[in-house]
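The values are calculated or read from the model by the stated rules, or taken from the named source; none is laboratory data. In this text the structure is predicted, and so the values were computed from the model without any measurement. Here Cβ is always computed from backbone atoms with ideal geometry, including for glycine, and neighbour counts include all displayed protein chains. In case anyone asks, the SASA skips ligands and DNA or RNA and just uses the protein heavy atoms, side chains included. Shrake-Rupley method; radii C 1.70, N 1.55, O 1.52, S 1.80 Å.
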Amino acid sequence: MAGWRQAVELAMTDDEIEELTAIAHSRTEAARRVERAQILLAYREDPSFFAVGQKVSVHHQTVERCIERALAYGPLAALDDRPRPGKEPTITPEAKAWLASLACDKAKDHGYPHELWTTRLLARHARENAPAAGHECLANLAQGTVCKILGQEEIKPHKVRYYLERRDAEFEQKMAEVLCVYREVQVLKKATKGKKPRKSMAIVSYDEKPGIQAIATTAPDLPPKPGVYPTFARVKLILDNHSAHISKETRNWLATQPAGRFDFTFTPTHGSWLNLIEGFFSKFARSVLHHIRVASKHELKERIMAGIKDANRRPVIHTWSYQLAEAA
């Protein structure tokens, strides 16, 4: 007949008892930690596996295992499960490295018409070619496993990042010219505040908006006439370096206009964001044109004009945070 289990002494410091008491009464700790803290405190008062098991409502073997862990690792360490060795990984580190290296290549370099890998294509390629490369563990590779392996290495073969190597050597100077034009607008606004504005010059932030069909006018354009239609003696435009803006045809047409009639200020190369119209187009496209569905060109025109009128009813004054004085 098996002998009675001998009670063992469990020594605990005052700090450990205080922390165990807090855990035993906690409402936010994990249930297993609360239960084990209660076991240790109950065993300190009555060192009996059976008595503690009845008090905490667990099997006496559960109490015994908890006390054994406390004796081996300490009372606080006994509250947590010991790490288990777990199942041996079926995919070897060498196979994962092979897959990660493959994902860093281009799919077209392996005979596919794709420019970039998809996880589905990568999994299929691995299933078909990994065994021959010595990685039999990838013979049944699933797409989800590919995502996990690449996620661990932070590899995203379906995404491409671009960086700009060529810079505009005159960026600062050209930026200052653009910002000076904006400062000129502020000066003109202050000069005409409370007075009847003189329309001697118009300052326009200009760019074309692709992706919208041109709609012909139903009436001929009205030519400017002093005293009849609004006139401007001079027009200043801020625009980017698009080929249409600097083409031979554009320069030839400008040459036919009166001297000083048009004054172009170009944004720096790769600096079209300095043009305020870029931000307006971006906002307008997101809020008005994105996913737009119309039945006719007439409806498209009405929607666009309605959007522009709404923007004009509640204009947002753009204020540059960049210090103009420093740029100019």
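Every condition in (1) closer than 22 Å to residue 183 by Cα; (2) surrounded by fewer than 16 Cβ atoms within 10 Å (Cβ to Cβ); (3) at pLDDT 80 or above is met by residue 273 except one, and the failing one is (3).
Give just the number: which of (1) more than 30 Å from the chain's Cα centre (by Cα); (2) under 30 Å from residue 240 (Cβ atoms); (3) at pLDDT below 80 does residue 170 not satisfy? Going through the list (1) more than 30 Å from the chain's Cα centre (by Cα); (2) under 30 Å from residue 240 (Cβ atoms); (3) at pLDDT below 80, residue 170 breaks only (3). Considered as a group, the residues in the stretch 113-133 that are in contact with a helix residue (DSSP H, G or I) (Cβ under 9 Å, 6 or more places away or on another chain) and free of Cβ contacts under 8 Å to residues at least 12 places away in the same chain include one that is least open to solvent (accessible area, probe 1.4 Å), and that residue is 131.
Residue-level check: of (1) within 30 Å of residue 241 (Cα to Cα); (2) surrounded by 13 or more Cβ atoms within 10 Å (Cβ to Cβ); (3) not hydroxyl-bearing (Ser, Thr, Tyr), residue 138 misses just (1). Residue count for the stretch 287-328 satisfying the condition of being modelled with pLDDT under 80, assigned to a loop (DSSP other than H, G, I, E, B) and open to solvent by less than 90 Å² (accessible area, probe 1.4 Å): 5.
Every test in (1) open to solvent by 50 Å² or more (accessible area, probe 1.4 Å); (2) more than 15 Å from residue 66 (Cβ to Cβ) is passed by residue 55 save one, and that test is (2).
If I ask for residues that are open to solvent by less than 30 Å² (accessible area, probe 1.4 Å), more than 43 Å from the chain's Cα centre (by Cα) and more than 18 Å from residue 61 (Cβ to Cβ), which ones from the stretch 25-43 would you list? Residue satisfying the conditions is 37 alone. Every residue in the stretch 75-106 that is among the small types (Gly, Ala, Ser), farther than 15 Å from residue 149 by Cα and either touching a residue at least 24 places away in the same chain (Cβ under 8 Å) or touching an Asp or Glu at 6+ places or on another chain (Cβ under 6 Å) (or both), please. The one that is among the small types (Gly, Ala, Ser), farther than 15 Å from residue 149 by Cα and either touching a residue at least 24 places away in the same chain (Cβ under 8 Å) or touching an Asp or Glu at 6+ places or on another chain (Cβ under 6 Å) (or both): 78. Taking the criterion of being closer than 19 Å to residue 80 by Cβ and of a type in the set (A, V, I, L, M), the residues of the stretch 43-68 that qualify are 56, 58, 63, 67. Would you be able to say whether some residue in the stretch 243-250 is within 37 Å of the chain's Cα centre (by Cα), at pLDDT 70 or above and under 30 Å from residue 293 (Cα atoms)? Checked against the condition, which is being within 37 Å of the chain's Cα centre (by Cα), at pLDDT 70 or above and under 30 Å from residue 293 (Cα atoms), the stretch 243-250 yields at least one hit.
Answer with yes or no whether residue 107 is touching a Phe, Trp or Tyr at 6+ places or on another chain (Cβ under 6 Å), small (Gly, Ala, Ser) and surrounded by 15 or more Cβ atoms within 10 Å (Cβ to Cβ). Judged against the criteria, residue 107 is a match.
Any chance the stretch 151-160 includes a residue that's assigned to a helix (DSSP H, G or I) and either surrounded by 12 or more Cβ atoms within 10 Å (Cβ to Cβ) or hydrophobic (A, V, I, L, M, F, W, C) (or both)? No.
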